[in-house]
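Read the structure below first, then the notes.
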Amino acid sequence: MSSQGPSIRRSRAAIGALLASALVLLSTILSSATEPPNALVPTTVEVPLSLRTTPFDEDRVLMVPPGFKISVVARILLARFIMPLSAGDILVATPSDGTISLVQIQADGTGTVSSLIEDLHNPHGMALHRSDNKLYLYVGESNQVSRFLIAPGAASAGEKAVIVPNLPDSSSPELHGPYGHELKNLVIGPDNKLYVDIASSTNADPIDTTSNPVRSAIYQYDLDGGNGKIFARGIRNAEGLAFVPGTDELWAAVNETDDILYPFRNSWQDSGSNDYGKIITSYIDDHPPDEFIHVKDGANYGWPFANPNPDTPNGLDNMPFAPNYKTNPDWSKYPESMFTRVDKGIQAHSAVLGIAFLQESKVPEPFHNGAVLALHGSWDRSRKTGYKIIFFPWQNGRPARQIDLVTGWLDDQSQFLLASRARLRERGLDSFICVRWNTLFD
């Protein structure tokens with residue numbers, strides 16, 4: 001680990017076999033708008049000379065709100081999740097090489113990258129907590145949650161203390177190797193409790209609901225790892241946890257099920273036949289929506305026995321459920337009434353990866369009061385979707401209509417993809433949003 005750097009205060013490109021990542025800053029140049037814009041504008045991505053190698057050896061253009069710019073600050077191979085720090089620097093988790101890196105933003109806009117913590121087991125989620133004038137970094141490894149003391153006045157980490165051991169991952173004997181969602185997301189709440197998502201190991205197998213620990217739930221712990229309990233269940237894979245600033249409301253961005261069978265005893269889109277239990281591409285394309293949910297203590301959000309259903313007058317708001325054909329046909333095992341409705345749906349298969357509330361940032365209106373989510377991008381839809389950053393204005397304590405914030409990684413008409421399953425994680429800090437961008441340019 002490195003001992004270099006300033007004090008920390010709180011808070012693909014694929015050319016042949018080349019795989020690279022870019023940390024990108026979305027910032028405001030000038031914005032006097034009071035309402036989100038109706039249209040985005042093309043903006044050339046700003047890239048420092050030292051970083052203008054493939055794919056940035058030629059200009060790249062993304063669509064952003066008027067008055068915003070977007071710039072590259074660092075390139076980190078296989079980076080996945082990021083956490084901005086109040087001093088303006090950035091922590092970056094790279095599960096594949098077991099590191100947490102520190103990116104220090106320089107005066108010229110570039111980031112100097114150094115290793116803060118090494119030899120971790122698939123690090124992913126991160127959270128900072130200050131106690132008795134000591135700053136601790138909590139890291140979600142795939143098999144445990146670890147805590148590090150961050151030395152005052154230095155970007156170095158002390159010895160690792162494992163506070164939540166024996167979490168399930170691909171090394172767990174009972175899983176015999178495969179675990180599709182083994183990375184752990186976490187957040188520390190205003191109640192000084194630690195919340196950890198233990199995601200499903202399967203697409204939609206009830207075995208994850210009876211395992212120990214349950215592999216489709218958000219757990220709550222004391223900050224020392226004690227008194228663990230299930231906070232909410234029926235959550236397939238929460239790839240983002242955050243509290244609304246100034247409240248005790250925990251929200252989660254959830255990746256939902258793939259390849260569901262048609263669950264109703266009627267015809268889909270007037271096909272003229274009984275489509276019950278059939279594989280229908282046009283149905284799979286839009287079902288079930290990914291989720292943005294207010295996570296409530298004791299709630300069950302349905303997975304894998306019920307799927308949010310957007311085909312009602314509610315649309316993507318406060319969706320009722322459809323029974324899962326395989327695990328709960330015709331509501332034969334569990335009634336719809338036992339499940340808590342999903343607050344907001346997102347286009348199915350967008351694969352949400354990351355959530356940030358901007359209320360305590362310096363991001364200006366009209367984006368100051370709301371939530372930003374990154375859409376990783378689809379792999380199992382007949383037409384690609386996702387590959388962008390979206391914004392939900394916050395109205396009356398709830399997310400309002402979805403608005404695109406950054407697009408251009410995917411050309412929807414041609415389906416030409418500029419970003420291969422763009423893994424993005426953003427969080428408002430000062431006057432910018434940090435984005436982890438897996439770029440793919442020909």
Subject >> Cα→Cβ-extended label distance, 7 Å offset, between residue 360 and residue 222, nm >> reply: 2.4
Subject >> Net lengthening on full extension, residue 337/residue 229 (0.36 nm per residue, minus Cα-Cα) >> reply: 36.5 nm
Subject >> Dipole of the stretch 175-332 [Lys/Arg +1, Asp/Glu -1 at C-beta], most positive-end residue of 300, 289, 185 >> reply: 300
Original post:
In nanometres, what is the gap between the two model label sites at residue 134 and residue 86, each 7 Å from Cα along Cα-to-Cβ?
Top reply: 1.9
**OP:** Among 114, 81, 175, pick out the residue whose Cα is farthest towards the positive end of the charge dipole of the chain, where Lys and Arg carry +1 and Asp and Glu carry -1 on C-beta, about the Cα centre.
**Re:** 114
Original post:
What ³J(HN,Hα) values, in whole Hz, does the Karplus curve 6.51 cos²θ - 1.76 cosθ + 1.60 give for the stretch 120-129 when θ = phi - 60°, with x put for Gly and Pro?
Top reply: 8, 9, 6, x, 9, x, 9, 8, 9, 8
**OP:** Calculate, in nm to one decimal, what residue 368 and residue 271 gain on full extension: separation in residues at 0.36 nm each, minus their alpha carbon distance.
**Re:** 30.3 nm
**OP:** Treating cross-link reach as a plain straight distance, find the aspartates and glutamates whose alpha-carbon is under 12 Å from the alpha-carbon of residue 362, omitting any fewer than eight places away in the same chain.
**Re:** 430
**OP:** Work out, step by step, the length gained on full extension between residue 278 and residue 149: first 0.36 nm times the residue separation, then minus their alpha carbon distance; give nm to one decimal.
**Re:** 41.1 nm
**OP:** Apply 1/(1 + (r/R0)^6) to the Cβ-Cβ distance of residue 118 and residue 54, taking R0 = 30 Å, and write down the FRET efficiency to the nearest 0.05.
**Re:** 0.65
Subject >> Qualifying lysines (Cα of each under 16 Å from Cα of residue 278; at least 8 residues distant if same chain) >> reply: 326
**OP:** On each of the three principal axes of the Cα atoms of the chain, give max minus min coordinate, whole Å, ordered largest first.
**Re:** 64, 50, 46
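Throughout, read-outs are computed from the coordinates displayed, never taken from laboratory work. Predicted model only: the values in this text are computed from it and were never measured. Counting neighbours? That spans all protein chains shown, and the Cβs are built from the backbone with ideal geometry, glycine included.
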